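The values are calculated or read from the model by the stated rules, or taken from the named source; none is laboratory data. Because the structure is a prediction, the values reported are computed rather than measured. No Cβ is skipped: glycine too gets one built from the backbone with ideal geometry, and neighbour counts run over all protein chains shown.
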Amino acid sequence: MAGRIHTNERQRELFIKKSTRVARSYLNRAKALPGLPDATNPFFDALEDVYIELKDLSEGESKYKKSIGTLCVMVPSELIYAAKARPVRLCSGSYTAYSIGDDYIPRDACPLVKAVMGFGQIQALPAFDQCSLIVAPVTCDCKKKLAGALETVKNIVPVHVPPLKREDADIEIFLRELYRLVPILEEETGEKITARSLAEGICIVGKAQYEMSRFLKYRKHDPALVQGTHVMAVMNAYSYMPAERWTTCMHRLNLEMESRLQKQQFVGKAKQPRILVTGSPIAFPNIKIPLLIEEMGGILAADETCMGERGLYDPVSVIDPGFDGMMRAFASRYTKPCTCPVFVDNSQRIYRIKQMVREHKVQGIVYHVLRGCLVYDYEYQIMEEEFGKMDIPIIRVESDYNEEDVEQLRIRIEAFIELIKLKEYAKHKKGRR
């Protein structure tokens, strides 16, 4: 395809060897954490199929003949399912792809954008290459320019996201973008999107959201029933699994969580520091932050990231079951409750994280910033101020996709966890007086 770099077979083999080695290393570290639920195996298998076995996602699939790539959680997956296609989230944490994209993207751009560009330049990830179309919401400057750069290697549809979401006029802007997307999806898939198919798409995603809401009740338990790193793997797998299959697997995981609860089978200790991660996306294979938190003695009790529970947090609320009514419901659901800092007013995000701190009994917050991710970095100061008022410790950790900063991150996260332990000990001691 025009615009793609020319690599010989030897270069491609070296790329694949390094990429799969790093992915396998992270996958093995995640599985090595104690208390891995048996029901998480299909989710880990999905990540292994994509990043290690390099399988074609359409293999064994007869229902969905087209894969539509997405570059943000703000793309309504219900709309893609309505077109009889499967959405594939292409936000990757691959350092190997990042290193290739680094030659095409400015130095200070975020690694996620560089990784996507890297996969666009070398045919080494079937999950990317088999997508016949990519839908790219313009949520930041880097993604705006990425959409233009990827046009040389892939059919891509930029989607404008309004900076405001308070007024009906703001939602109308996004609604027009979704209406513009409908004929493009129809032409790509050869399927007509109707009110009935929209309702079917809502039902498909709604079932996944229901199982997720059930799972969150178990995740809130203290002591913990499941490691947060395992949860991040489950949520990352949603990017590559058809929603129906993910829902079935999630139902089994919920049954196992219920069994663990009845048997009092915990993976965490009563006084284990409970951490919430928020900030920039944590995309597989780059799961070093969750791993370090739990390898250093903490428990990742909650996450407020777009690769975590945010994508399935709010179901679509349909008031008018007609075509336009459902399209308006999409426009509303994918903007109003969204806590992405791309919006001008982000007080809603602070409210949501405070809510999660209370519900998940969080004792400390790790604020993750991917180097070059300005929209999230901009928010840190207000986060520090707000949670300082609640006496909740917060630490900003800036990272890249490479391995060079792991030891520095390990030291800082370990010290942060010890700080929480000392704080809780002092609080307990004071309470006994």
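So the values come out like this:
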| item | result |
| --- | --- |
| Pair list, Cβ < 6 Å and 6+ apart or interchain, from segment 21-49 residues that are more than 19 Å from TYR240 (Cα to Cα) to residues that are of a type in the set (D, E, K, R) and part of a helix (DSSP H, G or I) | LEU33/GLU294; PRO37/GLU256 |
| Residues (in contact with a helix residue (DSSP H, G or I) (Cβ under 8 Å, 6 or more places away or on another chain), under 11 Å from LYS288 (Cβ atoms) and not basic (Lys, Arg)) located in segment 384-412 | VAL397, SER399, ASP400, TYR401, ASN402, GLU403, VAL406, LEU409 |
| Leading residue by the ranking (nearest to the chain's Cα centre (by Cα)) among those in segment 383-433 that are in a helix (DSSP H, G or I), of a type in the set (Val, Ile, Thr) and surrounded by 14 or more Cβ atoms within 10 Å (Cβ to Cβ) | ILE413 |
| Single residue of VAL375, VAL342 found to be in contact with a Ser or Thr (Cβ under 8 Å, 6 or more places away or on another chain), among the hydrophobic types (A, V, I, L, M, F, W, C), assigned to a helix (DSSP H, G or I) and modelled with pLDDT under 95 | VAL375 |
| Evaluation of GLY372 against (1) in contact with a Cys (Cβ under 9 Å, 6 or more places away or on another chain); (2) without any contact (Cβ under 8 Å) to a residue 60 or more places away in the chain; (3) of a type outside the set (S, T, N, Q) (one fails), failing number | (2) |
| Which numbered condition VAL357 misses (of (1) within 19 Å of the chain's Cα centre (by Cα); (2) part of a helix (DSSP H, G or I); (3) buried (at least 20 other Cβ atoms within 10 Å of the Cβ)) | (1) |
| Candidates GLU258, GLU177, GLU188, filtered to the one that is under 19 Å from ILE68 (Cβ atoms) and either surrounded by fewer than 16 Cβ atoms within 10 Å (Cβ to Cβ) or in contact (Cβ under 8 Å) with a residue 60 or more places away in the chain (or both) | GLU188 |
| Single residue of segment 317-337 satisfying the filter (touching a Phe, Trp or Tyr at 6+ places or on another chain (Cβ under 9 Å) and buried (at least 16 other Cβ atoms within 10 Å of the Cβ)) that is farthest from ARG166 (Cα to Cα) | MET327 |
| Exclusive hit being in contact with a Leu (Cβ under 7 Å, 6 or more places away or on another chain) and assigned to a loop (DSSP other than H, G, I, E, B), set PHE215, PHE266 | PHE266 |
| Counted residues, segment 69-88 - those being modelled with pLDDT of 95 or more, among the β-branched types (Val, Ile, Thr) and either within 17 Å of the chain's Cα centre (by Cα) or closer than 12 Å to VAL159 by Cβ (or both) | 3 |
| Qualifying residue in segment 148-155 (condition: within 19 Å of the chain's Cα centre (by Cα) and surrounded by 21 or more Cβ atoms within 10 Å (Cβ to Cβ)) | no |
